[in-house]
1. Suppose a student asked you for the relative contact order of the chain, using Cα pairs under 8 Å spaced at least 6 residues apart; what percent would you report?
2. Name the residue from Pro290, Ala60, Val131 whose Cα lies farthest towards the positive end of the charge dipole of the chain, charges +1 on Cβ of Lys and Arg and -1 on Cβ of Asp and Glu.
3. Which links in Lys295/Lys359; Lys289/Lys380; Lys212/Lys289; Lys134/Lys212; Lys134/Lys456; Lys134/Lys359 stretch past 22 Å when you go from one Cα to the other?
4. Suppose only helical runs count, i.e. DSSP H with n ≥ 4. What mean residue ellipticity at 222 nm does that imply for the chain under -39500 (n - 2.57) per run, divided by all residues and rounded to the nearest 500 deg cm²/dmol?
5. Can you tell me the orientation of helix 195-210 relative to the chain, as the angle in degrees between its alpha-carbon axis and the longest Cα principal axis, to the nearest 10?
6. If I fit a long axis through the Cα atoms of helix 301-312 and take the longest principal axis of the Cα atoms of the chain, what angle between them do I get, 0 to 90°, rounded to 10?
7. Per-residue HN-Hα couplings for region 101-113, Karplus 6.51 cos²θ - 1.76 cosθ + 1.60 at θ = phi - 60°, whole Hz, x for Gly and Pro?
8. Which stretch or stretches of region 357-373 have amide N atoms under 14 Å from the point lying 7 Å from Asp424's Cα along the Cα→Cβ direction?
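What follows draws every value from the coordinates through simple rules; no lab data is involved. These numbers were taken from a predicted model, which means no experiment stands behind them. Note that each Cβ is placed from the backbone with ideal geometry, even for glycine, and that neighbours are counted across all protein chains shown.
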Amino acid sequence: MRPGSIRLGRANLDGLPPAIRRPAYERSRITPGIVHLGLGAFHRAHQAVVIDDCLAAGAASWGIVGASLRSPDTRDALAPQDHLYTVATRAEGTEHRVIGALLDSVVARENPAALVERMADPAIRIVSLTVTEKGYCHTPQTGDLDERHPDIVHDLNNFGAPRSAPGFIVAALARRRAQGLSPFTVLSCDNLAANGHTVQRIVTQFAALRSKDLGKWIADTVAFPSIMVDRIVPETTDSDRDAVANALGLRDAWPVMTEPFTQWVVEDRFSAGRPDLAAAGVELVSDVKPFELMKLRLLNASHSALAYLGYLSGYETIADTMQDPHFARLAAQVMEDAAVTLTMPDGTDLAAYRASLLKRFANPALHHRTWQIAMDGSQKLPQRLLGAMQDRLRKDLPIATHALAVAGWMRYVTATDEQGRAIDVRDPLAAEFAALAREAGPVAERLAPALLGVQKVFGPLGAEPRLREAVTAALGRLYKDGARRAVETLVSA
Ligand code: CS2
């Protein structure tokens, strides 16, 4: 038989090669305490690994039920293997670990009422989310619920059978309140600015549209801790699946690939208890904001800069991009410029953090595509790049580096690359950007102001004369010289 033609599952865990780490607990005794919305690769390589450690330390009532909001793909891949899957950690070598923390999975679209019911189960004490920035149905620039978002309009009219993450949370909380149950903690694990506060605002705004009392009850009783999460998790490819099958001698339909580094900083405010996260390496703090901003403005900002400008320069992955010394310098410069906008608690070594990010980006074992990170820029720009630009302008500091990154995004969302080929732009506002680009033509003086006028992304900052000037000049260089030369010129200045 071909190696890996038998499927990973409960029955063959004991037969795995000795080098493969497996759940260090009796899985049949584990019961669910967490419902997680957004069962993607990031959750499975990050939070689920931490929970796996908690379960091994004896926290048997904190297993995870995962929900995909739309696609059945993850459930279809994992259900036949008893929801076991492999995390492959890649650097010089690869380490494999089979995770058992995920006990079950559901597809919200197939039966939304059943998911609401599961979330309302008194055993569930945490509802966590990784639904990506756009999954919050909010306006990234202001942090408010987008009341005209089609999913929100739908959910207000179909309260018991929602589609959106805010819709599910509010429906389940309403159910708990009606049954006299205490609420669960809502834990947003996405890269939003002040994620806990932001999701609290979105959820209470949604609830208040339904009923004032419900909105107030949520505001008064539900905890929304903010957190900072960090682990680089590229999309799994078929060759990754083959490599994992070779290591396991069994087929895993959806393993996840990641790096050795992992970090989770959590505000310690839970309304219904939590597992002993500190024992599993989580940093519990009273205020996570400085760490969140540090990560968004150093890691994610330079990631986005590398993604847009690297993609335009023909680089497929972040590691390829980092091999070009000018781009490595660009990433360092984005971080350096952002660092002066941060106020960190005593003892934080920002220089060491920056150096470690550059090393992580350069990890050649991770095939992290620039195209993947380039996705959903409209939802990412404000917290990654624009906040730092605003702070630098306030201090009268130059913004040329960040302006080139924003111009790279503009050039990218025109949907035509430097060779005239189409770019597959994935963004909720892609059609609006393409229309603006068509109207403006490839002329920086027309395109930059047109895109800066998109309020949902730029808000009032788009009208700032110094920002307009810097971004227009950078876009002009991209059109004239191309992204590689423009980056070289910037970092050599
Ligand atoms: C990336 C992040 O896709 C992206 O936009 O910048 O997913 C990044 O890899 C993670 O935030 C790292 O923790």
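1. 14 percent
2. After comparing all options, I get Val131.
3. Table pairs above 22 Å Cα-Cα are Lys212/Lys289; Lys134/Lys212; Lys134/Lys359.
4. Roughly -13000 deg cm²/dmol at 222 nm, from the helical runs in the chain.
5. Approximately 70 degrees, to the nearest 10.
6. Orientation of helix 301-312: about 70 degrees from the principal axis.
7. Result, ordered by residue: 5, 7, 9, 7, 9, 9, 10, 4, 4, 6, 7, x, 5 Hz.
8. Under 14 Å, as judged by backbone N against the label point of Asp424, lie 369-373 of region 357-373.
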